[in-house]
Structures are given as structure tokens and as C-alpha cells.
Amino acid sequence: MKVVYRWGASLAVLIIAGAAAFSLSSREITAAEPQAQSTQAPGGQTPQAAKGSPAASEELIVRGEYLVDHVGMCSECHTPRDARGNIDNSRYLQGAPIWIVPVHPMTNWANRAPALAGFEGFTDAQGETILEKGVGPNGLDIQPPMHIYRMNHADAQAIIAYLRSLPSNYTQP
């Protein structure tokens, strides 16, 4: 029986080591993805330099695009859906009715996700507070179902630069 335990322990160590190696390799791939991402918004439009922020670099905008599309998944709620429930990328980040409902009634549940394209109506400082602290321009916590993010300052700036680079009246060509 002792041999069986030794083999079992050895197998467990190998499985843990393999999982750790996979985790590390996926982190390296994830860290490299922002550089590999295209600089085109859905529909093929290339973002322009961020409005009000001439110093916004292409790298910052590309990083913001990655965070918006692949980390925050912002289009899931901030982009309208068609009659079949599919995201309508012709209205990418133009704001939309909230399509999910809470399991239990909540009085502070938002009914609509605001437009993010162009980031109009928000200052950079307000955007940073939303993304870094989860506090809206009105001084109150962000309403569910919006996730309360605790992003670092550089990521918040990248997201704001990307959103400002999008036309506020985005339409698919």
C-alpha cells in the first residue's frame, strides 16, 4: 500500500506543477495580448487620438481597447442588442437598456447602461474615480449590475483614452 501512496503523491505533485506551469504561461500570453491587438474598433474603424488628450499614445489606446473588450467586457451591457439578443456592434458602446435582472428585487439596480463611446459628459477625473474607486460622478457607489472595479491608475487612464478615441455616434460602415 505504501507504494500506491507514493505513486499517488508523485502524481499529485506532477498535476500541481503542470497547473502552475500552465498558469504562468497563460499570464505571459495575457500580458503580451495588448501589443498583439488590432487598433480597430468593431466595424473596422480605427480610433483617432483621444479627444482633449493630445498626449494619448497609440499604445495607451491599444491597452485601453484590450481592457474594455477583453477584461471589462464593457460591450456586454453598454452596447444595445438586436431582436435576437445578439450584441449590435453597429452601435458599439452607445448605451443600452440593462437586459439582465437581479435574482432578488433590488432598489438600486440600474435600468440602463450609459453610452461610453467618446466618453462625453464625463471628465477624466470622474472616469478615474469610477474605475479606481467604484464611485460615480454623483458621489454614490456605482449601481449594480455594474461591477465595482478597483483598477490601477494607468489602466483607468488607458480605458479613458480608448473610450475618448471612439466616435460618440459610432456606426458600422
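Points to keep in mind about this one:
- Single match in THR107, THR79 (criterion: assigned by TED's automatic domain parsing to the domain that holds GLN143, of a type in the set (Ser, Thr, Tyr) and under 27 Å from ARG164 (Cβ atoms)): THR79
- Sole exception among (1) part of a helix (DSSP H, G or I); (2) surrounded by 11 or more Cβ atoms within 10 Å (Cβ to Cβ); (3) modelled with pLDDT under 90; (4) not acidic (Asp, Glu) for ILE61, by number: (3)
- Residue in the range 75-84 that is touching a residue at least 24 places away in the same chain (Cβ under 8 Å), under 21 Å from TYR149 (Cβ atoms) and assigned to a loop (DSSP other than H, G, I, E, B) present: no
- Flag for ARG81 being under 17 Å from LEU60 (Cβ atoms) and touching a Phe, Trp or Tyr at 6+ places or on another chain (Cβ under 8 Å): no
- Residues of the range 136-153 that turn out to be farther than 15 Å from ALA113 by Cα and not aromatic (Phe, Trp, Tyr), as a count: 7
- Considering the range 96-155, and only residues there that are in contact (Cβ under 8 Å) with a residue 40 or more places away in the chain, within 21 Å of ASP69 (Cα to Cα) and touching a Phe, Trp or Tyr at 6+ places or on another chain (Cβ under 6 Å), the residue that is surrounded by the fewest Cβ atoms within 10 Å (Cβ to Cβ) turns out to be PRO144.
The values are calculated or read from the model by the stated rules, or taken from the named source; none is laboratory data. Note that the coordinates shown come from a computational prediction; the quantities given were computed from them, not determined experimentally. FYI the Cβ positions are ideal-geometry reconstructions off the backbone, even for glycines, and counts take in every protein chain you see.
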